[in-house]
Amino acid sequence: MPGLLLGDEAPNFEADTTQGRIRFHDFLGDSWGILFSHPRDFTPVCTTELGRAARLAPEFSKRNVKMIALSIDSVQDHLSWCKDINAYNGEQPAEKLPFPIIADKNRELAVKLGMLDPDEQDKDGMPLTARVVFVFGPDKKLKLSILYPATTGRNFDEILRVVDSLQLTAYKKVATPVDWKPGDSVMVVPTLPDEEAKKLFPKGVFTKELPSGKKYLRYTPQPE
Ligand code: BEZ
């Protein structure tokens, strides 16, 4: 089965990109990484997504996340499309974005990574890439995967939000509840005994009483 599951190591592929040839593990280095795919160059939803991703690049950089996009067109097409994306953002139509775009002309990577959307095809009946987001940790393991069809654009604020959650929960024994935003209270993970939780979270652990009498809804202010 092609594709990646949570915990899988990122394949160390080589690819041509708008910033030259890369080897994926070298590209990631010790950083977090986000790999996001697009159906095709010069398409409307993709242009809005890449424009937003470019504007948010400083936010990803602040979080030590390296960004890289993928689409099934050539480097030359990508570079030409970058001008449109920059113009869409109200900037000079330069052939450069703050992150590289992989040219997966033969769909080799798209197949390997399980990115194709069978419902969206090009004029030759070949499937286009879906809107995949993979977030890799510094250990190069897959921490999050999002898969949208070509017809639904992603919410990049949500992607930043999940990066904040992934990074917080990677280092602290907490989980983030529904609709969590940075700064909100978090939940103590169920496997942590009460006594340890009290020591680990000096700002306090607040348990909500429930009809079952089970004390599993344990909140604590977001740890530093
Ligand atoms: C788009 O990016 O606008 C798009 C691409 C493929 C199918 C539908 C929409």
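The values are calculated or read from the model by the stated rules, or taken from the named source; none is laboratory data. Every value quoted in this text rests on a predicted model; they were computed, and no experiment measured them. Backbone-built Cβ (ideal geometry, glycine too); neighbour counts: all protein chains shown. Protein only, heavy atoms only, side chains kept; ligands, DNA and RNA dropped before computing areas. Shrake-Rupley method; radii C 1.70, N 1.55, O 1.52, S 1.80 Å.
Annotations for the structure displayed:
- Some residue of region 159-177 being modelled with pLDDT under 95 and within 14 Å of S37 (Cα to Cα): no
- Residue pairs meeting the criteria (Cβ under 6 Å; at least 6 apart or on separate chains; first more than 19 Å from A130 (Cα to Cα), in region 38-66; second open to solvent by 50 Å² or more (accessible area, probe 1.4 Å)): A54/P98; A57/P98
- Test: residue in region 184-196 that is assigned to a strand (DSSP E or B), more than 16 Å from the ligand (Cβ to nearest atom) and either touching a Gly at 6+ places or on another chain (Cβ under 7 Å) or of a type outside the set (V, I, T) (or both): yes
- Against the test of being open to solvent by 60 Å² or more (accessible area, probe 1.4 Å), within 27 Å of T47 (Cα to Cα) and among the aliphatic types (A, V, I, L, M), the options L142, L147, L160 yield a single qualifying residue, L147.
- Every condition in (1) crowded, with 16+ Cβ neighbours inside 10 Å; (2) closer than 22 Å to I101 by Cβ; (3) of a type in the set (S, T, N, Q); (4) at pLDDT 95 or above holds for T129 except the one numbered (4).
- Failed condition for D30, given (1) more than 17 Å from the chain's Cα centre (by Cα); (2) open to solvent by 60 Å² or more (accessible area, probe 1.4 Å); (3) not basic (K, R): (1)
- Exclusive hit being crowded, with 17+ Cβ neighbours inside 10 Å and within 16 Å of the ligand (Cβ to nearest atom), set F24, F42, F36: F36
- Scan of region 197-224 for residues that are open to solvent by less than 100 Å² (accessible area, probe 1.4 Å) and either of a type in the set (K, R) or not in a loop (DSSP other than H, G, I, E, B) (or both), ordered by number: A197, L200, T207, R218, Y219, T220
- Failed condition for V133, given (1) within 16 Å of the ligand (Cβ to nearest atom); (2) in a loop (DSSP other than H, G, I, E, B); (3) touching a helix residue (DSSP H, G or I) at 6+ places or on another chain (Cβ under 9 Å): (2)
- Look at (1) in contact with an Asp or Glu (Cβ under 8 Å, 6 or more places away or on another chain); (2) within 26 Å of D122 (Cα to Cα) and you find that R63 fails only one, number (2).
- Pair list, Cβ under 8 Å, 6 or more apart: region 109-120 residue under 11 Å from P11 (Cβ atoms), other residue of a type in the set (G, A, S): L109/A15; L113/G3; L113/S37
- Where a residue in region 142-154 is closer than 17 Å to L28 by Cα and its partner, wherever it lies, is open to solvent by 70 Å² or more (accessible area, probe 1.4 Å) and assigned to a strand (DSSP E or B), with Cβ under 9 Å and at least six apart: L142/E9
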